[in-house]
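Take a look at the structure set out below.
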Amino acid sequence: MTFDTETAPKDFLLAVEGLTVSFDGFKAVNDLSFYVDENEIRVIIGPNGAGKTTVLDLICGRTRATSGSIRFRGKELTTMKEHQIVHAGVGRKFQNPSIYEDLTVFENLELSFPRGKTVWGSLAFRRDREVIDRVEEIAEMIFLKDHLDTEAAILSHGQKQWLEIGMLLIQKPDLLMLDEPVAGMSVAERVKTAELLNTIIKQHSVIVIEHDMKFVEDIAHRVTVLHQGKVLSEGSMDHVQHDPKVVEVYLGH
Ligand code: ADP
Ligand code: MG
């Protein structure tokens with residue numbers, strides 16, 4: 001077989017093609033295609049009910065696709081189980097933080113540190129230097145270095161969100177997916193979250209669902225606008241903001 005570099009498809013980190021999910025005949029995601037590059041921050045925006053959360057559910061295997069494909073580094077995800085998708089390098093943060101409130105910041109991060117899957121692996125596990133160093137490195141990134149011994153329950157809402165991002169980062173996912181990470185955050189916390197995402201992008205790719213346009217402007221490399229389960233517009237923030245189709249959908253709401 002000959003390989004024509006001119007027409008060969010580019011190697012995307014994530015390639016979603018013809019993705020459809022039907023809930024009792026209603027297509028929440030309808031023949032959707034989009035592509036994410038390595039080290040890209042992609043923001044997905046769109047009106048309520050556009051299918052944004054469902055797209056993340058499909059990518060992480062929580063919801064099964066009716067048809068279409070999701071390839072991650074060339075591997076087909078639609079036939080994989082949730083834990084296999086995590087293992088393949090896809091981390092997902094849900095809207096409500098799932099941290100252990102009665103444990104400290106250190107303990108929450110330590111628990112998320114990837115260990116050997118064998119019983120022996122967990123028995124042999126110690127608070128060794130490697131773990132401590134990694135926990136401290138992540139704590140610094142998520143602005144919680146001075147709160148390692150703080151019980152998670154007394155953190156602010158924003159700090160809890162950062163802790164959960166840290167719990168994903170410690171597992172070194174290649175692709176991190178965040179659903180409305182700055183909802184309920186103060187302006188100062190939003191600015192710091194943008195800073196955090198701009199730091200982690202050096203080692204990870206990120207898909208973020210977000211409504212806050214100032215935040216989107218601060219982080220997005222490219223924006224995908226979803227409407228009725230389809231791509232309405234895609235490109236730079238500037239491009240989508242001035243796209244008449246996007247203006248119409250947003251003004252119509
Ligand atoms: P968004 O995150 O863009 O606000 P969602 O992806 O949550 O939108 O939902 C898209 C549409 O799909 C909505 O109309 C929602 O009611 C519907 N939907 C989502 N999940 C399910 C489900 N498990 N069963 C039936 N309908 C669903
Ligand atoms: Mg949603």
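Residue-by-condition table, conditions (1) in contact with a helix residue (DSSP H, G or I) (Cβ under 8 Å, 6 or more places away or on another chain); (2) modelled with pLDDT under 95:
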| residue | (1), (2) |
| --- | --- |
| PHE94 | no, yes |
| ARG115 | yes, yes |
| ASP128 | no, yes |
| ILE132 | no, yes |
| ILE154 | no, no |
| GLY166 | yes, no |
| LEU178 | yes, no |
| ALA183 | no, yes |
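Looking at LEU58, LEU19, which is the one that is touching a residue at least 24 places away in the same chain (Cβ under 8 Å), over 22 Å from HIS239 (Cβ atoms) and within 16 Å of ligand 2 (Cβ to nearest atom)? Spell out the reasoning first.
On the way: LEU19 fails: within 16 Å of ligand 2 (Cβ to nearest atom).
Answer to the selection: LEU58.
Here is a list: GLY89, GLY61, GLY18, GLY25. Which entry is farther than 30 Å from VAL131 by Cβ and touching a strand residue (DSSP E or B) at 6+ places or on another chain (Cβ under 9 Å)? Give the derivation first.
Values: GLY89 fails: farther than 30 Å from VAL131 by Cβ; GLY61 fails: farther than 30 Å from VAL131 by Cβ; GLY25 fails: touching a strand residue (DSSP E or B) at 6+ places or on another chain (Cβ under 9 Å).
Testing whether each residue is farther than 30 Å from VAL131 by Cβ and touching a strand residue (DSSP E or B) at 6+ places or on another chain (Cβ under 9 Å) leaves just GLY18.
Of all residues in segment 87-96, how many are buried (at least 18 other Cβ atoms within 10 Å of the Cβ) and more than 16 Å from ligand 2 (Cβ to nearest atom)?
The first filter runs over segment 87-96 and keeps only residues buried (at least 18 other Cβ atoms within 10 Å of the Cβ), leaving 89-93.
Then drop every residue that is not more than 16 Å from ligand 2 (Cβ to nearest atom), which leaves 89-91.
So the answer is 3.
With the requirement that a residue be buried (at least 18 other Cβ atoms within 10 Å of the Cβ) and in a loop (DSSP other than H, G, I, E, B), what does segment 27-68 give you?
The answer is GLU40, GLY46, ALA50, GLY51, CYS60, GLY61, ALA65.
If I go through segment 17-26 residue by residue, how many of them are in a strand (DSSP E or B) and either of a type in the set (S, T, N, Q) or within 14 Å of ligand 1 (Cβ to nearest atom) (or both)?
Narrowing segment 17-26 to residues in a strand (DSSP E or B): 17-23, 26.
Now drop any that are not either of a type in the set (S, T, N, Q) or within 14 Å of ligand 1 (Cβ to nearest atom) (or both), which leaves 19-23, 26.
Selection size over segment 17-26: 6.
Tally up the residues in segment 200-222 that are within 16 Å of ligand 2 (Cβ to nearest atom), buried (at least 16 other Cβ atoms within 10 Å of the Cβ) and in contact (Cβ under 8 Å) with a residue 40 or more places away in the chain, please. Before you say what the answer is, go through the steps one by one.
Keep residues of segment 200-222 that are within 16 Å of ligand 2 (Cβ to nearest atom), which gives 207-212, 215-216.
This time we only want the ones that are buried (at least 16 other Cβ atoms within 10 Å of the Cβ), so: 207-210, 212, 215-216.
Those left that are additionally in contact (Cβ under 8 Å) with a residue 40 or more places away in the chain: 207-210, 216.
Qualifying residue count for the region: 5.
Answer yes or no as to whether ARG134 is over 23 Å from GLY89 (Cβ atoms) and among the basic types (Lys, Arg). Give the derivation first.
On the way: over 23 Å from GLY89 (Cβ atoms): no; among the basic types (Lys, Arg): yes.
Considered against the rule, which asks whether it is over 23 Å from GLY89 (Cβ atoms) and among the basic types (Lys, Arg), ARG134 comes out as no.
Cβ-Cβ below 7 Å, separation at least six or inter-chain, first residue in segment 180-199 and closer than 17 Å to ASN39 by Cβ, second modelled with pLDDT under 95 and within 16 Å of ligand 2 (Cβ to nearest atom): which pairs?
Once the first residue is closer than 17 Å to ASN39 by Cβ and sits in segment 180-199, its partners that are modelled with pLDDT under 95 and within 16 Å of ligand 2 (Cβ to nearest atom) give ALA194/PHE215.
Being assigned to a helix (DSSP H, G or I) and surrounded by fewer than 19 Cβ atoms within 10 Å (Cβ to Cβ) is the requirement here; does GLU164 meet it? Before the answer, list the steps.
Values: assigned to a helix (DSSP H, G or I): yes; surrounded by fewer than 19 Cβ atoms within 10 Å (Cβ to Cβ): no.
No.
Mind listing just one residue for me: the one in segment 205-232 that is small (Gly, Ala, Ser) and more than 13 Å from PRO47 (Cβ to Cβ) and, of those, farthest from ligand 1 (Cβ to nearest atom)?
Initial filter on segment 205-232 (small (Gly, Ala, Ser)): 205, 220, 229.
Of the ones still in play, those that are also more than 13 Å from PRO47 (Cβ to Cβ) are 205, 220.
Working: SER205: 20, ALA220: 17 Å.
It comes out as SER205.
So that you can scan it fast, the table gives a plain yes or no per residue for (1) over 30 Å from ASP238 (Cβ atoms); (2) touching a residue at least 60 places away in the same chain (Cβ under 8 Å); (3) not hydroxyl-bearing (Ser, Thr, Tyr):
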site: PHE26; (1), (2), (3): yes, no, yes
site: GLU38; (1), (2), (3): no, yes, yes
site: ARG71; (1), (2), (3): no, no, yes
site: HIS83; (1), (2), (3): yes, no, yes
site: GLY91; (1), (2), (3): no, yes, yes
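Determine, yes or no, whether ARG71 is surrounded by 14 or more Cβ atoms within 10 Å (Cβ to Cβ), of a type in the set (D, E, K, R) and within 13 Å of ligand 1 (Cβ to nearest atom). Lay out the reasoning, then the answer.
Details: surrounded by 14 or more Cβ atoms within 10 Å (Cβ to Cβ): yes; of a type in the set (D, E, K, R): yes; within 13 Å of ligand 1 (Cβ to nearest atom): no.
No: the conditions fail for ARG71.
The values are calculated or read from the model by the stated rules, or taken from the named source; none is laboratory data. No experiment lies behind these values; they were computed from the predicted model shown. Heads up, the Cβs are rebuilt from the backbone with ideal geometry, glycines too, and the neighbour counts pull from every protein chain shown.
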